[in-house]
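Undergrad: Could you have a look at this structure, given as structure tokens, before my questions?
The values are calculated or read from the model by the stated rules, or taken from the named source; none is laboratory data. The structure displayed is predicted, hence computed values, not measured ones. Virtual Cβ from ideal backbone geometry, glycine too; neighbours counted across all protein chains shown. Side chains are part of the model used for accessible areas, which takes the heavy atoms of the whole protein and leaves out ligands, DNA and RNA. Shrake-Rupley method; radii C 1.70, N 1.55, O 1.52, S 1.80 Å.
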Amino acid sequence: MPFDFRRFDIYRKVPKDLTQPTYTGAIISICCCLFILFLFLSELTGFITTEIVNELYVDDPDKDSGGKIDVSLNISLPNLHCELVGLDIQDEMGRHEVGHIDNSMKIPLNNGVGCRFEGQFSINKVPGNFHVSTHSATAQPQNPDMTHVIHKLSFGDTLQVQNVHGAFNALGGADRLTSNPLASHDYILKIVPTVYEDKSGKQRYSYQYTVANKEYVAYSHTGRIIPAIWFRYDLSPITVKYTERRQPLYRFITTICAIIGGTFTVAGILDSCIFTASEAWKKIQLGKMH
């Protein structure tokens, strides 16, 4: 007797004349297909959409930066002349730079009465400060007005990612125009290294920061008031990493198979129960008639 390969068929076919369609089965089948379609589209959307996973660890992520952090500052002082505005940088490594001018620009405001300072510079990865003041001016003004608006203060690369919400420009929009003109302003920053890795594995290094501030009147040893806008910073040892991920194909296929198989199984059980109950009810009714 020749070997019949069809014996391996576990999906045996039942002739249609041996099956019985029902209205209940049709309704359940339609609902089953709609439910499967809904779950399939939901899973397909999740498979196409990029997921962003975040994690925390202790490390210096940007080791190739030479121990430097790029800073971008944009601030307006509407009541202080540009020739009086200067940027000073200090840190615990002994850096003390007065009147930093590299990669900086001063734009006159209000017909030269005020000034907008835009600068890009680097700081060492140690605690320190940078401040906007009149310290580098040739002649100190009698009553310097340090009221200001901070448009931007950011560290590292600029991340423009919709699904990442962080304090990359926490001081952006800070308005101190109604403050005491002779008051100094202290912004204490806690800088948190941040890494963003896209699907291709490319990493970008940025920094988030939290901020606390205070306002006070400071006097020099001669008794004069010399206000300044201080940004005192310290670095957190904790690094935040955002990673773009997409659901693997095998997991998507497994989920789709589970959806289809599970839905058909549950629908089959439900249909069988309804059909059995219906047949039993018919027998009971026939028994009552006889």
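Undergrad: Only one of (1) of a type outside the set (V, I, T); (2) within 26 Å of I225 (Cβ to Cβ); (3) open to solvent by 20 Å² or more (accessible area, probe 1.4 Å) fails for E92. Which number is that?
TA: (2)
Undergrad: Please work out if L182 is outside any loop (DSSP other than H, G, I, E, B), under 30 Å from A137 (Cβ atoms), of a type in the set (A, V, I, L, M) and touching a residue at least 12 places away in the same chain (Cβ under 8 Å).
TA: no
Undergrad: Another one. Can we say K241 is touching a strand residue (DSSP E or B) at 6+ places or on another chain (Cβ under 9 Å), in contact (Cβ under 8 Å) with a residue 12 or more places away in the chain and surrounded by 15 or more Cβ atoms within 10 Å (Cβ to Cβ)?
TA: The answer is yes for K241.
Undergrad: From V98, V58, grab the single residue that is open to solvent by 50 Å² or more (accessible area, probe 1.4 Å) and over 33 Å from the mean Cα position of the chain (by Cα).
TA: Only one candidate passes the filter, namely V98.
Undergrad: Is it true that some residue in region 1-19 is part of a helix (DSSP H, G or I) and open to solvent by less than 80 Å² (accessible area, probe 1.4 Å)?
TA: No: zero hits.
Undergrad: List the residue pairs whose Cβ atoms are under 6 Å apart, where the first residue sits in region 85-114 and is farther than 17 Å from N129 by Cα, the second is surrounded by fewer than 16 Cβ atoms within 10 Å (Cβ to Cβ), and the two are 6 or more positions apart or on different chains.
TA: N103/Q120; L109/P78; N110/P78; G114/P78
Undergrad: Out of the residues in region 129-151 meeting the condition of being out of contact with any helix residue (DSSP H, G or I) (no Cβ under 7 Å at 6 or more places or on another chain), surrounded by fewer than 20 Cβ atoms within 10 Å (Cβ to Cβ) and of a type in the set (G, A, S), tell me which one is modelled with the highest pLDDT.
TA: Looking at residues that are out of contact with any helix residue (DSSP H, G or I) (no Cβ under 7 Å at 6 or more places or on another chain), surrounded by fewer than 20 Cβ atoms within 10 Å (Cβ to Cβ) and of a type in the set (G, A, S), I get S136.
Undergrad: OK, next. Somewhere in region 206-215, is a residue polar (S, T, N, Q), in a loop (DSSP other than H, G, I, E, B) and open to solvent by 60 Å² or more (accessible area, probe 1.4 Å)?
TA: no
Undergrad: May I pose another question? Would you check if S65 is open to solvent by less than 50 Å² (accessible area, probe 1.4 Å) and within 30 Å of P108 (Cα to Cα)? Show your work before the answer.
TA: Values: open to solvent by less than 50 Å² (accessible area, probe 1.4 Å): yes; within 30 Å of P108 (Cα to Cα): no.
In short, no.
Undergrad: Right, here's the next one. Examine region 55-78 for a residue that is part of a loop (DSSP other than H, G, I, E, B), in the same structural domain as Y187 (by the TED database) and at pLDDT 95 or above, and state whether such a residue exists.
TA: Within region 55-78, one or more residues are part of a loop (DSSP other than H, G, I, E, B), in the same structural domain as Y187 (by the TED database) and at pLDDT 95 or above.
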